[in-house]
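What follows is a single structure, written as structure tokens, with notes after it.
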Amino acid sequence: MAETATVARPYAEAAFEAALDGKSLGAVHEALQVLAVIAADPQMRSAMSNPKVTAAQKKELFVSVAGARMDG
């Protein structure tokens, strides 16, 4: 299986370039911090790894927790 860093690198580089081009590095940094905290939460990790929770439900849960902090 591919290393996580190898798989994630192109996406990280694209996100960085888009933020740089849009002059929104600060906002993207803050959004990524919020997402990291949410993803590290034990209850969220449990829900995300639960095979009974559909991908759509996982997305809805994650977006509902992030809420307005992800706008802009």
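The values are calculated or read from the model by the stated rules, or taken from the named source; none is laboratory data. On a predicted model such as this, the values are computed, not experimentally measured, just so you know. Methodologically, a virtual Cβ is constructed for each residue, glycine included, from the backbone with ideal geometry; neighbour enumeration extends over all protein chains shown. For accessibility, only protein heavy atoms count, side chains too; no ligands or nucleic acids. Shrake-Rupley method; radii C 1.70, N 1.55, O 1.52, S 1.80 Å.
Taken over region 51-65, the criterion of being within 14 Å of the chain's Cα centre (by Cα), surrounded by 12 or more Cβ atoms within 10 Å (Cβ to Cβ) and modelled with pLDDT of 90 or more is satisfied by 58, 60, 61, 65.
Within region 3-25, the set of residues being in a loop (DSSP other than H, G, I, E, B) and open to solvent by less than 60 Å² (accessible area, probe 1.4 Å) comprises 22, 24.
Restricting to region 49-65, what's the tally of residues that are part of a helix (DSSP H, G or I) and without any contact (Cβ under 8 Å) to a residue 12 or more places away in the chain? Explain how you work it out, then say what you get.
Taking region 49-65 and keeping what is part of a helix (DSSP H, G or I), we get 49, 55-65.
Applying the additional criterion that residues be without any contact (Cβ under 8 Å) to a residue 12 or more places away in the chain yields 49, 55-60, 63-64.
Going through region 49-65 one residue at a time, the tally reaches 9.
Find all pairs meeting these conditions: Cβ atoms under 7 angstrom apart; at least six residues apart or on different chains; first residue within region 6-22 and without any contact (Cβ under 8 Å) to a residue 40 or more places away in the chain; second residue open to solvent by 60 Å² or more (accessible area, probe 1.4 Å) and among the hydrophobic types (A, V, I, L, M, F, W, C). Here the result reads 19/25, each pair linking region 6-22 to a residue that is open to solvent by 60 Å² or more (accessible area, probe 1.4 Å) and among the hydrophobic types (A, V, I, L, M, F, W, C).
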